[in-house]
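Only the coordinates and a few stated rules stand behind these numbers; no lab work does. Nothing here was measured: the structure is a model prediction, and the numbers come from that model. Positions of Cβ are generated from backbone atoms using ideal geometry, with glycine treated the same way; all protein chains shown enter the neighbour counts.
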Amino acid sequence: MKFSEGIQRSLPFGYLFLVVMGILKESVFYYQIGINILKYSTIMDILISPIATLTSHPVILIALSIIVVSSFAFPSFLSKQANKNKPWALKMAALKEHETMTKEAIENHFTNMFVRFLAMMLLSFFVGIGWGEGMTLTKRIKENRLKYDYKINYGDDNSDQVHLIGSNSMYYIYLAKGNKTIKIAPLGSIKSIELTNNKKLND
């Protein structure tokens, strides 16, 4: 089996792994502000969490693309060099007794290498994002440096200028201006939400 075929065989597990990473990222982020986000999430929220993370900012999508391409290119390159019996490639790939291994066994070795390498990179990537964003938010709350770019209008005609932390299919999570208490409001209790400071349109 070719190296590329081995990767294709692993793809069905790829999205499942991304879902787990998305859950881990959200859990790490919200844990730092004292919220167990899984209590306020539906199954659909969990399934789309990796997509929401990837589309939240172009830089994240670009960075992940680079990680995936690099994770594929490096083992693929080593595989080709190992097939040519290059000593340095065999050493880096940790191929022992390669003389007695079949070509298929070598390809399987590099497929496993790719999966492990990519899993490690994705784990670091998602946990790093969650931890970093959570630390930044916590620091800004303590130092009163939040930007209140949204206005929430309630069903009783009252409104609040808020910093929107996040939302899903059931809740808005936010801080109202002048109040450090984090609020978790069901979507049904909110009439509308306005983006009052749109940087893309105000520039």
- If unit charges are put on Cβ atoms (+1 for Lys and Arg, -1 for Asp and Glu) and the dipole of the range 107-199 is taken about its Cα centre, the option from Val162, Ile182, Thr138 lying farthest towards the positive end turns out to be Thr138
- Virtual spin-label span in nm between Arg116 and Lys180, 7 Å along Cα→Cβ: 4.6
- Sort 69-77, 167-175 for me by packing, meaning the mean count of neighbouring Cβ atoms within 10 Å per residue, highest on top. 167-175, 69-77
- Message: Using the Karplus curve 6.51 cos²θ - 1.76 cosθ + 1.60 with θ = phi - 60°, what ³J(HN,Hα) values do you get for each residue of the range 41-55, in whole Hz, with x for Gly and Pro?
- Response: 10, 9, 4, 5, 4, 5, 5, 8, 4, x, 5, 4, 5, 5, 9
- Under the 7 Å Cα-to-Cβ spin-label approximation, Ser56 and Leu16 lie apart by a distance in nanometres of 2.5
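Based on the Cβ-Cβ distance from Asn36 to Asn108, what FRET efficiency comes out when R0 is 35 Å, to the nearest 0.05? Present the calculation step by step, with values, prior to reporting the outcome.
On the way: r = 40 Å, r/R0 = 1.15.
My answer for the efficiency is 0.30.
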- Message: Loop only by DSSP, 13 or fewer other Cβ within 10 Å of the Cβ. Give me the trypsin sites (Lys or Arg not before Pro) in the range 111-172 that pass, ordered by residue number.
- Response: Arg145, Lys147
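Of Lys25/Lys180; Lys39/Lys199; Lys39/Lys142; Lys151/Lys180; Lys25/Lys183, which pairs sit farther than 27 Å apart, going by alpha carbon to alpha carbon? Walk me through the numbers before you get to the answer.
Details: Lys25/Lys180 23 Å; Lys39/Lys199 32 Å; Lys39/Lys142 25 Å; Lys151/Lys180 16 Å; Lys25/Lys183 21 Å.
Beyond 27 Å: Lys39/Lys199.
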- Query: In whole percent, what relative contact order does the range 113-179 give with Cα contacts below 8 Å and a gap of six or more residues?
  - Reply: 18
- Message: Using each residue's phi in the range 126-135, evaluate 6.51 cos²θ - 1.76 cosθ + 1.60 at θ = phi - 60° and report the 3J(HN,Hα) Karplus result to the nearest Hz, with x for Gly and Pro.
- Response: 6, 5, x, 5, x, 5, x, 5, x, 5
